[in-house]
1. Identify, by number, the condition in (1) exposed (fewer than 15 other Cβ atoms within 10 Å of the Cβ); (2) not in a loop (DSSP other than H, G, I, E, B) that residue 375 doesn't meet.
2. What are the pairs with Cβ atoms under 6 angstrom where one residue, in the stretch 121-138, is over 17 Å from residue 294 (Cβ atoms) and not assigned by TED's automatic domain parsing to the domain that holds residue 167 and the other, located anywhere, is modelled with pLDDT of 95 or more and surrounded by fewer than 22 Cβ atoms within 10 Å (Cβ to Cβ)? Sequence gap at least six, or different chains.
3. Please go through the stretch 33-59 and pick out each residue that is assigned to a helix (DSSP H, G or I) and closer than 20 Å to residue 79 by Cα.
4. From 58, 110, 97, 45, grab the single residue that is touching a residue at least 40 places away in the same chain (Cβ under 8 Å), more than 30 Å from residue 241 (Cα to Cα) and not assigned by TED's automatic domain parsing to the domain that holds residue 194.
5. Going residue by residue through the stretch 389-409, is there one that turns out to be under 33 Å from the mean Cα position of the chain (by Cα), surrounded by 17 or more Cβ atoms within 10 Å (Cβ to Cβ) and in contact (Cβ under 8 Å) with a residue 40 or more places away in the chain?
6. Need a quick list: helices (runs of 4 or more DSSP H) entirely within the stretch 65-145 having at least 2 residues that are buried (at least 21 other Cβ atoms within 10 Å of the Cβ) and touching a helix residue (DSSP H, G or I) at 6+ places or on another chain (Cβ under 7 Å).
7. Of the numbered conditions (1) in a loop (DSSP other than H, G, I, E, B); (2) in contact (Cβ under 8 Å) with a residue 60 or more places away in the chain; (3) surrounded by fewer than 20 Cβ atoms within 10 Å (Cβ to Cβ), residue 356 fails exactly one; give the number of that condition.
8. If only one of 232, 184 is outside the structural domain of residue 88 (by TED's automatic domain parsing), closer than 19 Å to residue 151 by Cα and within 22 Å of the chain's Cα centre (by Cα), which one is it?
């Protein structure tokens, strides 16, 4: 492989590109020394204006990252001493990845990070963030960040979104609608004019405004958030509630008490009526085909006990469970609370109840028939999975998945049970799993 140490394209012998993190505090001696010797300094206008530049150095104002990266790579190849100024920790959703992953040659880097904007934000809020989920919508699609927010902006979780004015508080409000639960907005962290604003779900009362002003805090409602000009860089935080136990893995919620671990949980973990739930072995196959993950949204249509919905939530997806039975709605809520898998519950019959719901990445149809499957397929989620107990419904369901690559399997499960001094195999009801994926 060329472009690495010891190869014909190696950068051995060249001065590494120094990437300096800026958080508003004075630069370190190492950063000052690198700047003083630089032939080329690249950074945003505010970063270039904030440092003492050597008179002999060329400067490039950071615009499109690819253009700047090409210029940095060329200067490095020519043996120039290059310094790149970036916000916070450049290795955390920053330019270090773009420079390290450049095609066409390796750029050796020396990174001098400052405090990341995420660490600074949680520091301003006085909260730990080892169990927070951090996602980015800065120059990236908004939908995965919104879905992560849906899933993790709950009482016992925290989520932070790195964003810009194009995908800031107003975009979050528009995407979440009535599901918006409020947030903290941190603007221009580390700058002299940095700001912190609490965005409420409703317009603040006179009493709330008076109390916030007395505390030196700014509070706005949805209308206030929409009417103001937000300043980059932006970071949105859902603070959640801090629990005492410490996590062992960053970005993961703390486990509680006797909470079950893993996935495809035993049927006994769920409250259900007369065994009316997607059984464990079938559920495992369904989850594998739905592929729930952080940043995705899953619908569970005809959710019943909500076993599939809750498991998808536990695996990181935002989930909407649609169910017409009022008693089942309570069971779904109870299972979601007991198993720490937050689910938004929608009361109604499909397909009518699906109108107006946010677009899903994957849909599980547990009830409703081929007409519901066809309505779901018309929305064009990436994946659709259907569980069927009767063979007569298989062909109409496959036909309803028009335009999808369809796979159909029959699951026949036998459980070993004692019989006298020996054992016997007890069959469970066979279930067809029909799954469709967009080509």
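1. (1)
2. none
3. 33, 34, 35, 36, listed by residue number.
4. Values: 58 fails: touching a residue at least 40 places away in the same chain (Cβ under 8 Å); 97 fails: touching a residue at least 40 places away in the same chain (Cβ under 8 Å); 45 fails: touching a residue at least 40 places away in the same chain (Cβ under 8 Å).
Matching residue, one of 58, 110, 97, 45: 110.
5. No, the stretch 389-409 contains no residue that is under 33 Å from the mean Cα position of the chain (by Cα), surrounded by 17 or more Cβ atoms within 10 Å (Cβ to Cβ) and in contact (Cβ under 8 Å) with a residue 40 or more places away in the chain.
6. Once the helices (runs of 4 or more DSSP H) in the stretch 65-145 are filtered for at least 2 residues that are buried (at least 21 other Cβ atoms within 10 Å of the Cβ) and touching a helix residue (DSSP H, G or I) at 6+ places or on another chain (Cβ under 7 Å), what remains is 95-100.
7. (2)
8. None of the others qualify; the one that does is 184.
The values are calculated or read from the model by the stated rules, or taken from the named source; none is laboratory data. Quantities reported herein were computed from a predicted structural model and do not represent experimental measurements. When we count neighbours, we look across all protein chains shown, and the Cβ atoms used for this are built from the backbone with ideal geometry, even at glycine.
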